[in-house]
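So the structure is just underneath, and the comments pick up after that.
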Amino acid sequence: MSETKELIVGRFNDLRVVDIRDGGFVLAAETTSKKTAWLDRRADPELTLGDNKEVFVYGDGKGRLVATTSYPEAMVGEVAYLRVVQVQNMGVFLDIGLPKDLFLPKGEQTERLASGDYCCVYVYKDKFSDRMVATQRFNRHIGQSEARYDRDQKVKIQAVAKTDLGYKVVVNNSHWGLIYHDDVVGQLKRGERRVAWVKRVVADNKLDLHLNPPKRERYSQQAERVLAALETAGGSLNLHDKSTPEEIRGRLGMSKKDFKAAIGQLYKGRKIFIERGSGITLR
């Protein structure tokens, strides 16, 4: 990572040690800006003047920027599923994995929260200070740019809510997506992160998604899963083209169609023997 040009709060920065004092290090970017961050000496006692260090920078609420080598649950511009650790009249505090908890103001909440609850939030930087702040009013930040995605493009998602149609998700921390109930095997839990694939871009820069990769990629993944199951089972499985869909899904967690495609691929690749009506075995 090259040295950071400008110190960015709420993100990782590659900063240089410009001073050593108060039991720690003063770090700065290569810009002429006077903005600096303080890193506790215990984070890396071997640092010396002029050394560079990759750190996460956040405001401590007292007007000072603090650097840490810890990885937070989320950075500015990201969605996170966080636990409420303290409730006050002005809002709640969330555990983001840093010494300073993340503040979710009461006016930014869309649900009643109690200590121990988990909630989905978007993390942003307060425009009047260097504080990281949380909000549940996603529409101010999500879907504000043009959704430029290709069909079958792989994306990162985080589930935010379950609706009558399916699961509402945030795509790449930037856009709204929907995964229909029929495209989900089991459940997609609130806050759960997964990868998905784009079906289409619809109105208002929203996306329809599915959780199964494109056929070529999916069959390759399913073939690897069959091989792993064969190795675990000692080299043979009593599954074949006459097995019921329930038997196949219960044993391998895939559809019968995907299973048949996978064993066909493995057979052509001379990885397995197929014994009709009996099962499959490793070569």
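So that you can scan it fast, the table gives a plain yes or no per residue for (1) exposed (fewer than 14 other Cβ atoms within 10 Å of the Cβ); (2) under 30 Å from Gln136 (Cβ atoms); (3) modelled with pLDDT under 95:
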position	(1), (2), (3)
Phe12	no, yes, no
Phe25	no, no, no
Lys35	no, yes, yes
Ala43	no, no, yes
Tyr58	no, yes, no
Met75	no, yes, no
Ala80	no, yes, no
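Taking interchain pairs and intrachain pairs at least six residues apart, which have beta carbon atoms under 7 angstrom, with the first residue in region 128-142 and more than 21 Å from Val57 (Cα to Cα) and the second surrounded by fewer than 19 Cβ atoms within 10 Å (Cβ to Cβ) and of a type in the set (Phe, Trp, Tyr)?
His141/Tyr124
Scan region 204-216 and tell me whether some residue there is within 21 Å of the chain's Cα centre (by Cα), of a type outside the set (Ser, Thr, Tyr) and assigned to a helix (DSSP H, G or I).
Yes, region 204-216 contains at least one residue that is within 21 Å of the chain's Cα centre (by Cα), of a type outside the set (Ser, Thr, Tyr) and assigned to a helix (DSSP H, G or I).
Quick one: which residue in Gln158, Gln109 is surrounded by 15 or more Cβ atoms within 10 Å (Cβ to Cβ), in contact (Cβ under 8 Å) with a residue 24 or more places away in the chain and under 21 Å from the mean Cα position of the chain (by Cα)?
Gln158
Pick from Arg151, Arg190: which is surrounded by 14 or more Cβ atoms within 10 Å (Cβ to Cβ) and either assigned to a helix (DSSP H, G or I) or in contact (Cβ under 8 Å) with a residue 12 or more places away in the chain (or both)?
The match here is Arg190.
Return the residues of region 11-35 that are in a strand (DSSP E or B), closer than 22 Å to Ser129 by Cα and charged (D, E, K, R); say none if nothing qualifies.
Of everything in region 11-35, just one residue is in a strand (DSSP E or B), closer than 22 Å to Ser129 by Cα and charged (D, E, K, R), namely Asp14.
Just for region 90-133: of the residues that are under 18 Å from Met75 (Cβ atoms) and of a type in the set (Lys, Arg), which one is modelled with the lowest pLDDT?
Lys127
Which one is nearest to Gly97 (Cα to Cα), of the residues in region 36-81 that are in contact with a helix residue (DSSP H, G or I) (Cβ under 9 Å, 6 or more places away or on another chain) and in a strand (DSSP E or B)?
Looking at residues that are in contact with a helix residue (DSSP H, G or I) (Cβ under 9 Å, 6 or more places away or on another chain) and in a strand (DSSP E or B), I get Thr68.
The values are calculated or read from the model by the stated rules, or taken from the named source; none is laboratory data. Fair warning: this is a prediction, and the values are worked out from it, not measured in the lab. Here Cβ is always computed from backbone atoms with ideal geometry, including for glycine, and neighbour counts include all displayed protein chains.
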